[in-house]
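Report on one structure; see the data block that follows.
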Amino acid sequence: WERIAGPDVAGEASAEVFVYRAVNPLPRAFCVNRLVSREQVLAAPEAFDPRREAFLEQGRGWSIEDPFETSAVEVTRHEPERVELRVTLDGEGLLVLCGQNYPGWTATVDGEAIEVWTVNSLLRGLSLESGEHVVVFEFRPSSWSWAWWVALLGLIGMLGGGLRWAPVEP
């Protein structure tokens, strides 16, 4: 991290807060070819390199049998509720998307639904095989369909109540 604003070292206040920026942030999406355990990371956090390795949520059993040597990830579309990627790997790997894995995120790989995993305790990820893939993440919370039904029923109730109490002219 690099401080870009804050009180001067000499004691003169140039700002009331400290503002930092990441010097070498992670890309929006990338692939890793090595899995480690969460316990390993907690035991030696300084040895953990999130650009090259990742850990999955506890209880998730998956291993990379034929890890890739080269990978390329291109973000082709990025919106708040939809992210599209073009990913190419020459072996198996784990795609990591730097966005919180909140319930409601779904994914497809080449049009086929695939489970979204929690990677590094927070991020979204999924397994990929060798080849070129189109990956789409979409946010579709299950509560959204219920909200539409409740809104529709409320609208019907308001219209029905309005018609019932409308004044009748002789």
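The values are calculated or read from the model by the stated rules, or taken from the named source; none is laboratory data. Note that the structure is a prediction, hence the values are computed from the model and not measured. Don't worry about glycine lacking a Cβ; one is built from the backbone with ideal geometry, like all the others, and counts go over all protein chains shown. Protein only, heavy atoms only, side chains kept; ligands, DNA and RNA dropped before computing areas. Shrake-Rupley method; radii C 1.70, N 1.55, O 1.52, S 1.80 Å.
Judged by the ratio a/c of the largest to the smallest principal axis of the C-alpha gyration tensor, segment 48-113 counts as oblate, that ratio being 1.5 or greater while a/b is no larger than b/c.
Accessible surface for the chain, divided over its residues, is 69 Å² per residue with a 1.4 Å probe.
For the options Gly160, Gly91, Gly131, a Gaussian network treatment of the chain with springs between C-alpha atoms closer than 10 Å singles out Gly160 as fluctuating the most. Taking the charge dipole of the chain about its Cα centre, with +1 at Lys and Arg Cβ atoms and -1 at Asp and Glu Cβ atoms, the residue from Leu126, Gly157, Ala44 reaching farthest to the positive side is Gly157.
Accessible area ranking (1.4 Å probe, heavy atoms, ligands and nucleic acids excluded), largest first, for Trp62, Trp149: Trp149, Trp62.
Relative to the Cα centre, the charge distribution of the chain, modelled as +1 at Lys and Arg Cβ and -1 at Asp and Glu Cβ, gives a dipole magnitude of about 600 debye.
Calculated mean residue ellipticity, 222 nm, the chain: -5500 deg cm²/dmol, from DSSP H runs (n ≥ 4) at -39500 (n - 2.57) each, averaged per residue and rounded to 500. Shape class for segment 14-60, computed from the alpha carbon gyration tensor (a ≥ b ≥ c): prolate, with a/c not under 1.5 and a/b above b/c. Please work out which option in (1) 1, 8, 14, 17, 15, 14, 12, 8, 6, 3, 1, 0; (2) 1, 7, 12, 14, 13, 10, 8, 7, 6, 6, 5, 3, 3, 2, 1, 1, 0, 0; (3) 1, 8, 18, 21, 20, 16, 10, 4, 1, 0 gives P(r) over Cα pairs in 5 Å bins from 0, in percent calculated from these coordinates, and answer with its label. Working out P(r) over Cα pairs in 5 Å bins from 0, in percent from the coordinates points to (2). In the chain, what percent of the accessible surface is made up of carbon and sulfur (1.4 Å probe, ligands and nucleic acids excluded)? Summing carbon and sulfur atoms, their accessible area is 56 percent of the total for the chain.
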